[in-house]
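Engineer: After the structure tokens below, expect a handful of questions from me.
The values are calculated or read from the model by the stated rules, or taken from the named source; none is laboratory data. Every value quoted in this text rests on a predicted model; they were computed, and no experiment measured them. For neighbour counting, all protein chains shown are included, and Cβ atoms are generated from backbone atoms with ideal geometry for every residue, glycine included.
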Amino acid sequence: MSFRAKIAFGIIAAFVLSGILTGVWFAYVFFQTGFSARAEPSALEVAVARQARYLAIPYVQRNRPNPIPLSPELLVDARRHFADHCATCHANNGSGKTTIGENVYPKVPDLRLADTQSMSDGELFFVIHNGIRFSAMPAWGKGSPDEDKESWKLVHFIRHLPQVTPEELRDMEHFNPKTAHSAESHRH
């Protein structure tokens, strides 16, 4: 068998194996849990989704540093923008504990935790600017990435979320009072 034939055979085998694994996963989900948004993703599904997201972000974008200098004024602007545009799903404190955040699939992540905080600035920017397919995360960026200053400002605020203060949360309530409390307080 020639070298090209071996490569072609390997590629075909990989596609067949991938199809079989996808079919097994589909059958498991269909017969065990269905496609309900109420289900929790399995650890394998989470790992595959995170890896797919990582690989989907171009290397140049992934390693891009934040070009916007951090300042107290920038954090105020970004905090208010987050409250007005992002907190409906992510909550003012970034927990994701909102009516929408807890009822989409996959659930909205807690932006304060390591899974988000360990992402590079470029990765966070890419997700905000371009969104994530097959999730509830829309693409918010306007224009080209080089023109999108608002998304870069939000990256700074996301980095700040683990240290957000009660005073900052009170300020955010003026811009989005519905997300001041967790989804638990909105249920009857």
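Engineer: Among the residues of region 39-57, is there at least one that is part of a loop (DSSP other than H, G, I, E, B), surrounded by fewer than 15 Cβ atoms within 10 Å (Cβ to Cβ), without any contact (Cβ under 8 Å) to a residue 40 or more places away in the chain and not assigned by TED's automatic domain parsing to the domain that holds Trp152?
Structural biologist: Yes; the residues of region 39-57 include at least one that is part of a loop (DSSP other than H, G, I, E, B), surrounded by fewer than 15 Cβ atoms within 10 Å (Cβ to Cβ), without any contact (Cβ under 8 Å) to a residue 40 or more places away in the chain and not assigned by TED's automatic domain parsing to the domain that holds Trp152.
Engineer: In the list Ile100, Ile128, which residue meets the criterion of being of a type in the set (Val, Ile, Thr) and under 19 Å from Pro162 (Cβ atoms)?
Structural biologist: The unique qualifying residue is Ile128.
Engineer: Check whether at least one residue in region 65-79 is among the polar types (S, T, N, Q), touching a helix residue (DSSP H, G or I) at 6+ places or on another chain (Cβ under 9 Å), in contact (Cβ under 8 Å) with a residue 40 or more places away in the chain and closer than 19 Å to Pro177 by Cβ, and report yes or no.
Structural biologist: no
Engineer: Could you tell me which numbered condition Gly101 fails, if it satisfies all but one of (1) surrounded by fewer than 19 Cβ atoms within 10 Å (Cβ to Cβ); (2) touching a residue at least 40 places away in the same chain (Cβ under 8 Å)?
Structural biologist: (1)
Engineer: Can you tell me which residue in region 116-174 is nearest to Gly96 (Cα to Cα), limited to those that are of a type in the set (Ser, Thr, Tyr) and in contact (Cβ under 8 Å) with a residue 12 or more places away in the chain?
Structural biologist: Thr116
Engineer: While we're looking at this one, here's another question. Considering region 129-173 alone, what residues qualify as being farther than 14 Å from Pro67 by Cβ and touching a Leu at 6+ places or on another chain (Cβ under 7 Å)?
Structural biologist: Phe157, Ile158, His160, Leu161
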